[in-house]
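The block underneath contains the structure these notes are about, expressed in structure tokens.
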Amino acid sequence: ELKVEQNPLFLSMQEGKNYTIYCNYSTTSDRLYWYRQDPGKSLESLFVLLSNGAVKQEGRLMASLDTKARLSTLHITAAVHDLSATYFCAVDIDYGGSQGNLIFGKGTKLSVKP
Amino acid sequence: EAGVAQSPRYKIIEKRQSVAFWCNPISGHATLYWYQQILGQGPKLLIQFQNNGVVDDSQLPKDRFSAERLKGVDSTLKIQPAKLEDSAVYLCASSLYRERGYGYTFGSGTRLTVV
């Protein structure tokens, strides 16, 4: 059974601090997505990682992918309150040439406090 | 570019009633997905369409859930009869070409409460 595990599930940070969210998955995949979800809202795409070693950065967030270790990380630098949200990683499953679909982790609820 | 449209935004029904949700994907997107997101969990795929054909419906509770995609564009998801455990947000997503890494665009979702 395919598993996508995120940790931690809950994260309370102080503003200005750094932290990393981890996403482990149990099947072969070279595509991984990170989404942000605010309460009562839909999923906002943050990063699309398409190959081993891929690294993408946007503002205070940086995501990386190690397909050999089946691990992706989302690093937060100098957190600010506006980053408070739930972050999901999702692994793209290949149907062997046809369209894939996403298997999500349980999400990491991030709270950034002054 | 218009996003993925879903309606209604909210729905409250009694158990054993029926309900339907509608989704209009981004124009030209061949693939459409319905996900169920229970409170506090990540979304779970219910059904995937490629144009108007079903690619994967292995996690769709077929005794009560049904879905169709008319003419390869709009889609409806129906629940009949609803159970309390169906309370969730139902998200529709669409994608263009997976191989090009365009990713998946999600709609705002329909929040269903079964009482």
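The values are calculated or read from the model by the stated rules, or taken from the named source; none is laboratory data. Remember, it's a predicted structure, so these values are computed and weren't measured experimentally. Cβ placement follows ideal geometry from the backbone for every residue including glycine, while neighbour counts extend to all protein chains displayed. Note: areas computed on protein heavy atoms with side chains; ligands, DNA, RNA excluded. Shrake-Rupley method; radii C 1.70, N 1.55, O 1.52, S 1.80 Å.
When A and B come together, around 1900 square angstrom of accessible surface is lost from both chains combined, probe 1.4 Å. Report the FRET efficiency, 1/(1 + (r/R0)^6), for B:Leu84 and A:Thr77, where r is their Cβ-Cβ distance and R0 is 25 Å, rounded to 0.05. It comes out at approximately 0.05. Site pair A:Asp38 and B:Asp74 shows an inter-label distance of 3.0 nm when each label is modelled 7 Å from Cα along Cα→Cβ. Taking the charge dipole of the protein assembly as shown about its Cα centre, with +1 at Lys and Arg Cβ atoms and -1 at Asp and Glu Cβ atoms, the residue from A:Gln37, A:Gly59, B:Ser58 reaching farthest to the positive side is A:Gln37. Looking at segment A:4-113, the accessible area is 47 square angstrom per residue; that uses a 1.4 Å probe and ignores ligands, DNA and RNA. When the listed pairs A:Lys56/B:Lys71; A:Lys68/B:Lys78; A:Lys56/B:Lys11; A:Lys106/B:Lys11; A:Lys68/B:Lys71; A:Lys68/A:Lys106 are checked against a 30 Å cut-off, the alpha-carbon distance exceeds it for A:Lys56/B:Lys71; A:Lys68/B:Lys78; A:Lys56/B:Lys11; A:Lys68/B:Lys71. Among the trypsin sites (Lys or Arg not before Pro) within segment B:27-115, those in coil by DSSP and having at most 13 neighbouring Cβ atoms inside 10 Å are B:Lys62, B:Lys83.
Taking 19 Å as the straight-line reach from the Cα of B:Lys44, the aspartates and glutamates in range (excluding those fewer than 8 positions away in the same chain) are A:Glu1, A:Glu5, A:Asp38, A:Glu44, A:Asp92, A:Asp94, B:Asp56, B:Asp57, B:Asp63, B:Glu68, B:Glu85, B:Asp86. Taking all Cα pairs closer than 8 Å and separated by 6 or more residues, the relative contact order of chain B comes to 36 percent.
For B:Trp22, project a label point 7 Å along Cα to C-beta. Then give me every residue of segment B:50-75 with its amide nitrogen under 18 Å of that point. Residues passing the 18 Å test: B:66-75. The modelled label-to-label distance between A:Glu15 and B:Glu14, using points 7 Å beyond Cα along the C-beta direction, is 5.0 nm. Relative contact order, whole percent, for chain A stands at 35, derived from Cα pairs under 8 Å and 6 or more residues apart.
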